[in-house]
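The values are calculated or read from the model by the stated rules, or taken from the named source; none is laboratory data. Just so it is clear, the model here is predicted, and its values are computed rather than measured. Note that we place each Cβ from the backbone using ideal geometry, even for glycine, and neighbour counts take in every protein chain shown.
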Amino acid sequence: MTDEPMLKVENLRTYFFTRGGTVKAVDGVNFEVKRGQVLALVGESGCGKSMTALSIIQLVDKPGKIVEGTVIFDGENLLERNRSQMTEIRGKRISMIFQEPRSSLNPVIRVGKQLDEVLKLHYEDMDKHERRQRVIQLLKDVGIPDPERRANNYPHEMSGGMAQRVMIAMGIACEPELLIADEPTTALDVTIQAQVLDLIRKLRDEMQMAVIFITHDMGVVAEMADDVAVMYAGTIVEHAAVGSLFEEPMHPYTQGLIASIPILGEFKDRLEVIPGTVPSLIDMPPGCRFASRCKARVEHNLEKCLHEEPELLEVREGHQVRCWLYEENA
Amino acid sequence: MSENLLTIQDLKVYFDVKGGLLKRTVAHVKAVDGVNLEIKKGEILGLVGESGCGKTTVGRAILRLLEPTSGAVYFNGNDILNLHRSQLKPLRHDMQIVFQDPFSSLDPRSRIGEIIAEGLRVHGVKDADERRQRVLETLKLVGMNETHMRRFPHEFSGGQRQRIGIARALVLNPSFIVLDEPVSALDVSIQSQVLNLLKDLQKALNLTMLFIAHDMSVVEHVCDRVAVMYLGKVVEISSREELFRNPQHPYTQALMSAIPIPNPKIKRERIILQGDVPSPLNPPKACRFHTRCREAIAMCSEVDPILEDLGNHHFCSCHLRQPTN
């Protein structure tokens, strides 16, 4: 077991060039994921978490463009690969599961056939019979009862949880080294979500995959992640091991986020709120992106936050935070 | 706070499934199958359950946004289901609804002021100045102001749009509001703003609300009493404290244990339910939960349990949970 990270993202910037201006969806993101490790990317809508994932596998559509950065996967920079090399890597070595299982599956092709296509593309030496067996085995692995019959279903004949399992089966069909799961359980009911989270954990343990798990749900983060990166307006504002993050969240945004979640069994008459909304990604104010909503800035009367953007600094071992409050600790 | 504002008796809503050459009715989807509920004046009743359990259908049926198959709904003493449409209209301003998706429930081509004033116009407030005044007051109530009136829905964020949806419901001064998943499309930091607003409004205006949601932790923070639905039936109902401290029905227990807790130190025993929710087209006989219940006994597939008081106004429909004494 080496300690070399499976994936290392450095200074990644993905901008969208629109008529209204440049949207800086991902604006200088750094992180790494090791083999067998789950990194959660957490944040609210529009913070750039999905766009970071799409940038890694280079599925950014126009008018979006990766303008800067490196994505080192197993020692090579993916951003220097050409199209056909990326196709080879996508699906086989890195695969991605999306939020809406039904819109990611082809509605007019039986699910067994869709799985078969993945295998056909990446394993040329497998014959038809072997592929069929592998398809059945995959469906069985993800917990679909009666896989022989289910392989002949169309996506609309399956429930949401079932369809998401098929997506996961497709994601792991080629035993990828890195799995990116983008809100894989958000569209599912909680009892089905519990089944799917269980499944992803089991597969991670068995196959020692590195996993990037994208979610907005802090509860899911607490359950799935080894490491957590909290994103806000296109940047990572805090990065720590899951225990450390929940025990002592340092960034005022993370603190607000954790405090504002209603927790089952801990009734509060009033919930904490983060005032205001996320600033527009087109004309980001100078200084800290969270400054306009930050209570700590007002309490500590920090003028600096409005003019200078803080850097993501390690203020304690393994705990990085982007905030002027911790300037001296770094 | 003991008087009932709304009483629902044996409410059933079946949808026809048409099939065959002549498009005859071949089956019924029993979306709601015998629901009894009482909502007291000034309380927020939570109605929780997973997709397809019939919670939204209950909310719509009691406002007669869709026609129930049978049953009775008494609102302030009036049997709503037997009223003619024309008799219903004077009652409508007293019962309002807020929808889940703040992006599709507001007309994109109307200004906010017009959207909120529409109900006033329909209900005969003819004076434009008075309408404007009422719209303004309502906007203030939900934490917005005059400058927002001339803007269009696309200029607002999700949380603000949901405030507009709430203002639209409040402008007619209703005594009862159905909230259908009002926060599930919102980000957590915004969600807590809207939840706090709802509680403030309940106190300030003595509003009665039916709060429909799938998220148990949200329900716990807003509601006074909570009813849990599974496949068209209420399986458990009790006060908030009692239900969350001492859930009784095996389904409620599984539902609660499935919610991820935002604290990595807490490792709970999780009840993982097997399989999916059965189709309401052909629900299991007797207890509808018996196909997924880990405690099920032979009786559960033979006799339908009834909703019984286990004491302390904690009702549960399960053969294995009987009143003590």
- request: Within segment B:95-115, identify whether any single residue is without any contact (Cβ under 8 Å) to a residue 24 or more places away in the chain and outside any loop (DSSP other than H, G, I, E, B), and answer yes or no.
  value: yes
message: For the list (1) in a loop (DSSP other than H, G, I, E, B); (2) closer than 18 Å to B:MET229 by Cβ, I need the number of the one condition that B:ALA254 fails.
response: (1)
- prompt: Scanning segment A:277-293 for residues that are touching a residue at least 60 places away in the same chain (Cβ under 8 Å) and within 22 Å of the chain's Cα centre (by Cα), which turns out farthest from the other protein chains (Cβ to nearest Cβ)?
  reply: A:LEU281
task: Can you give me the number of residues within segment A:221-244 that are surrounded by fewer than 22 Cβ atoms within 10 Å (Cβ to Cβ) and either free of Cβ contacts under 8 Å to residues at least 40 places away in the same chain or not assigned by TED's automatic domain parsing to the domain that holds A:PRO285 (or both)?
output: 1
message: Can you pull out every residue in segment B:120-129 that is part of a helix (DSSP H, G or I) and surrounded by 12 or more Cβ atoms within 10 Å (Cβ to Cβ)?
response: B:LEU120, B:ARG121, B:VAL122
Complete set of residues in segment A:1-36 that are within 27 Å of A:PRO176 (Cα to Cα) and either without any contact (Cβ under 8 Å) to a residue 24 or more places away in the chain or part of a loop (DSSP other than H, G, I, E, B) (or both): A:MET1, A:THR2, A:ASP3, A:GLU4, A:PRO5, A:MET6, A:LYS34, A:ARG35, A:GLY36
Odd one out for A:ASN77 among (1) touching a helix residue (DSSP H, G or I) at 6+ places or on another chain (Cβ under 6 Å); (2) more than 23 Å from A:VAL228 (Cβ to Cβ): (1)
Condition met for B:GLU269 (charged (D, E, K, R), in a helix (DSSP H, G or I) and either within 14 Å of chain A (Cβ to nearest Cβ) or under 28 Å from B:GLN9 (Cα atoms) (or both)): no
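Against the condition more than 17 Å from the chain's Cα centre (by Cα), part of a loop (DSSP other than H, G, I, E, B) and not assigned by TED's automatic domain parsing to the domain that holds B:TYR230, how does B:ARG150 come out, does it pass?
yes
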- request: Name the helices (runs of 4 or more DSSP H) wholly inside segment A:172-276 in which the number of residues that are within 13 Å of chain B (Cβ to nearest Cβ) and aromatic (Phe, Trp, Tyr) is 1 or more.
  value: A:242-247, A:252-259
Strands (runs of 3 or more DSSP E) contained entirely in segment B:1-78, each with at least 2 residues that are among the charged types (D, E, K, R): B:4-19, B:24-40
